[in-house]
Amino acid sequence: MSEAISTATAGVTNRPTGPQFQDFLPGVARVIPEGVLGGLNRIFEAWTKLGIFRYLIAGALLAATALPLGPPKDEVLVRTGFYMLLALGLNVVVGLAGLLDLGYVAFFMIGAYTTATFTNSDMGAHPVILNPWFVIPVAVVIALIAGILLGTPTLRLRGDYLAIVTLGFHEIVRQTARNLEVVNGSRGVFSIPHPDVTIAGQELTFGVLEPQKYWFILCVFMMAALFMINRLKDSRIGRSWEAIREDEVAAPAMGIPVVKMKLYAFAIGASTSGLAGWVLATKVGFISPNNFPLLSSILVLCAVVIGGIGSSLGALVGAVIVFGLPELLRDIGTEKILGFDIQTGRIAIFGLLLVIMMIFRPGASSPRPAGAELGGGSGDIAGDSVAPGIPGQA
Amino acid sequence: MSAVLEIQGTGIRFGGLVALDDVNVNVPEWEIVGLIGPNGAGKTTLFNCIMGAYTANTGKIIYRGRDISLLPTHRRTALGIGRTFQNIGLIRGLTVVENFMVAQHSRIGYGAWSALLGVPRSFAEERRLKANAMEVLDFIGMAHLADSQLEGLPYGTLKLIEVGTVLATDPDVLLLDEPSSGMGPDEAHEFGERLLKLRKTLNLTVLMIEHHVPLVVNVCDYVYVLNFGKILTEGKPQAVRNHPEVVAAYLGGEVTTDEEEQTPQISPEEETAGVTA
């Protein structure tokens, strides 16, 4: 699956010569007007070349991992799934654009609260109550707007300064939710409806005890996010991110609008996070400010770093390690090793594993020192070019 | 001939240190103008002001009659001012050809949405980007290195590649920051020849910081000498190099007669340290 994803976007610069739409659905093609058909053919051709089908297969395989799992493991899987989606988005911000964001879960929270507000008729602050499915774009767009609002004034900052601002942003969002009566303050929002749908008279329910269905939704979202992220990575936008990350002084001299490109990264990250927030809110049905501690932001960042900064697949694996591993350690048993109770010490073991991994996993633990690029980079502005955030890897 | 780039009374200070004070430089169309001066004179700082990496406290930067003092750097690049860096402003981690593609950012493009959804237009533009990149690479004779990583390439080659990436931004004024640093005398001479050819084929105007005196004398039409943030003198290269004050500035007081080959090599660290301290 890993290869399917990593090679899916190869060959972008070649002229696509894949199968055409009219070969695929000749019946439909006959009734479509000439001009539209031409467009469809080109899109189909390009999309075949893009390996859309590989994403479908990868997504199906990923979704299938839930099938052999019964409770409570499937529940753990979905919980890990939220963080997999979050890590994918954060990897764009931290890994690709090199912006150290310590408040990423704030957007997750904004997505979840938006969902709660627009689906729950108890909220009463506004008359618009939507079906959960229609709230997806709302949650995504509002998280995205929040990302742009935070980013516009702050993305001029570099490295550590940005980290502190985002850290503060997380806390601002959390405290706002805690004190805002409209969203029930610290009591949180109850009874958020599940995204049940009726298709052709057949009702498809998403119960709170059916985590597998949410896992399937998450798989669809993850593949969509992965597709778009891979597309961006191979485009001029991705190259700009790389340029900004490597050398923030040289990048604008090459004509790259640095703040705008950083905003793109922030917006992509925030909207992915908002999407994950939608799944959380509809799955759990209850959210409160306590669901979004600062630690979550840090752990998602851990996932990205452990997986290998800059790699989407790494972010997914990292999330499984950071959020799945502690749960797996729960299963080891209650016996004592060397007088040490594994069950109570599992978080300590987890911490130790993180440290060991950071030391021994070269891909993730060898960030490039900022000044080491090609004889010191173009650090003509001596004082300013020293704060790189997290240096990425190629 | 009209001036392409005019620096009018530019001054900048960092805390108590006056890095540049009322600097006036005129770069006429199709000329190669040299900017020389000892360590910490403010040469690179002046480049940073021209490109907008620093905002000058006083004065104006006029490009083709337009005041660009407040534009962000990438807009200045888009207008046609290309700049190289003392320590090579290439993007490590990208291949040579990808660097050339990045450099065309303001010249050609497609939006985020096209990229996001993979619409055919983005492929067509990518192909054009790459074709343009290859054209420039071919032009500077580096096409065989297109897919190489930057790591491991010799310093002189990297310097040339950097000039190439700046050409890919389609500039009409080139700001070269010590293009011959790290080159031997032969290489530097060869670079000078290339530069003259480049100007001829591409109709370039050049402002360059350079320490290699023979190169300055061979290539430059006019030279400004900067010392302690002020223009010390200006003139034709031959005249300037025999100017007693220039000699004094470089050698510290005593005026000697055989100074020209003793021009000190100035290391980038000292340069920046002096300017930003």
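The values are calculated or read from the model by the stated rules, or taken from the named source; none is laboratory data. None of these values were measured; they are calculated from a predicted model. As a convention, Cβ positions derive from the backbone with ideal geometry for all residues, glycine included, and neighbour counts pool all protein chains shown. Areas reflect the complete protein model, heavy atoms only, side chains present, ligands, DNA and RNA absent. Shrake-Rupley method; radii C 1.70, N 1.55, O 1.52, S 1.80 Å.
Please determine, in degrees from 0 to 90 and to the nearest 10, the orientation of helix B:120-139 with respect to the longest principal axis defined by the Cα atoms of chain B, where the helix direction is its Cα long axis. Result, in degrees: 40. The residues packed around A:Leu280, meaning those with a beta-carbon under 14 Å from its beta-carbon, carry a net charge of +1 if Lys and Arg are +1 and Asp and Glu are -1. In whole percents, the pair-distance distribution calculated for region A:93-196 from its alpha-carbon pairs, binned every 5 Å from zero, is 2, 12, 20, 22, 17, 12, 9, 5, 1. The label point for A:Ile43 and the one for A:Val259, both projected 7 Å from the Cα toward the Cβ, are 3.5 nm apart. Computed over region A:204-335, the alpha-carbon pair-distance distribution with 10 angstrom bins reads 10, 31, 34, 17, 6, 1, 0, each value a whole percent. Angle of helix B:185-202 to the longest C-alpha principal axis of chain B, folded into 0 to 90 degrees and rounded to 10: 60°. Rolling a 1.4 Å probe over the protein heavy atoms leaves A:Trp133 with an accessible area of roughly 80 Å².
Taking one equal scatterer on every alpha-carbon of region B:94-149, how large is log10 of I(q)/I(0) by Debye at q = 0.28, 0.30 1/Å? Taking Cα atoms of region B:94-149 as identical point scatterers yields -1.08, -1.15.
Its Cα gyration tensor gives region A:263-328 an equivalent ellipsoid; the semi-axes, largest first and in whole Å, are 20, 17, 11.
Estimated from the Cβ-Cβ distance and a Förster radius of 25 angstrom, the FRET efficiency linking A:Arg330 and A:Ile359 is about 0.50.
Note that region A:187-229 shows a convex hull volume over its alpha carbon atoms of 115 Å³ per residue.
Stokes-Einstein diffusion of region A:53-294 at 4 °C, 1.567 mPa s viscosity, Kirkwood radius from Cα pairs, rounded to a whole number: 69 µm²/s. If you take the beta carbon distance between B:Asn203 and B:Asp147 as r and set R0 to 30 Å, what does 1/(1 + (r/R0)^6) give as a FRET efficiency, to the nearest 0.05? The computed FRET efficiency comes out at 0.50. To the nearest 20 debye, what is the magnitude of the charge dipole of region A:53-294 about its Cα centre, counting +1 on the Cβ of each Lys and Arg and -1 on the Cβ of each Asp and Glu? Here region A:53-294 has a charge dipole of around 380 debye. Between the residues A:Thr205, A:Ala267, A:Pro289, the greatest Cα displacement towards the positive end of the dipole of region A:204-290, with unit charges on the Cβ of Lys, Arg, Asp and Glu, is found for A:Thr205.
Averaging the Cα positions of each part gives two centres, and for region A:156-181 and region B:33-104 these lie 34 Å apart.
Normalised Debye scattering of region B:55-185 at q = 0.10, 0.23 Å⁻¹ gives log10 I(q)/I(0) of -0.38, -1.35, counting only Cα atoms as equal scatterers and leaving out solvent. The alpha-carbon of A:Lys49 sits under 24 angstrom from the alpha-carbons of these lysines, leaving out residues fewer than 8 places away in its chain: A:Lys233, B:Lys130. Three principal axis extents of chain B based on alpha-carbon atoms, in descending order, are 67, 40, 38 Å.
The calculated FRET efficiency for A:Val182 paired with B:Asn24, based on their beta-carbon distance and R0 = 51 Å, is about 0.25.
Mean per-residue shielding of peptide B:42-52 is 2, counting Cβ atoms of other chains within 10 Å of each Cβ. Using the Karplus relation 6.51 cos²θ - 1.76 cosθ + 1.60 with θ = phi - 60°, the per-residue 3J(HN,Hα) values for region A:288-304 come to 9, x, 6, 6, 10, x, 4, 4, 4, 4, 5, 5, 5, 4, 4, 4, 5 Hz, with x marking Gly and Pro.
Here the 3J(HN,Hα) profile of region B:226-243, calculated from phi with Karplus coefficients 6.51, -1.76 and 1.60 at θ = phi - 60°, is 10, 9, 6, x, 10, 6, 7, 7, 8, x, 5, x, 4, 5, 5, 6, 9, 5 Hz, Gly and Pro shown as x. Inter-label distance, A:Leu56 to A:Leu352: 4.8 nm, where each label sits 7 Å from its Cα along the C-beta direction.
Surface burial for B against A, with a 1.4 Å probe and both sides summed, reaches about 4100 Å² of accessible area. Residues whose amide H falls under 5 Å from that of B:Arg13, counting only those 5 or more places apart or on a different chain, are B:Ala19, B:Asn57, with hydrogens built in the peptide plane.
Close amide-amide hydrogen proximity is noted between B:Met208 and B:Val33, B:Gly34, B:Leu35, B:Leu176, each under 5 Å apart and 5 or more residues distant or on a separate chain (H modeled in the peptide plane; Pro and chain starts excluded). The GluC sites (Glu not before Pro) found in region B:1-68 that occupy coil by DSSP, while having at most 16 further C-beta atoms within 10 Å, are B:Glu29. Between amide H atoms placed 1.01 Å from N, distances below 5 Å from B:Leu232 occur with B:Val225, B:Leu226, B:Asn227, all of them 5 or more places distant or on a separate chain. Of the residues in region B:65-110, those shielded by at least 50 Å² of accessible area once partner protein chains are present, compared with the chain alone at a 1.4 Å probe, are B:His74, B:Phe85, B:Asn87, B:Ile91, B:Arg92, B:Val102, B:His105, B:Tyr110. Structure shown: which of A:Lys213/A:Lys262; B:Lys159/B:Lys200; B:Lys60/B:Lys200 lie over 23 Å apart, alpha-carbon to alpha-carbon? Those over the limit are A:Lys213/A:Lys262; B:Lys60/B:Lys200. Model label points for A:Ser288 and A:Gln202, set 7 angstrom from Cα along the Cα-to-Cβ axis, are 3.9 nm apart.
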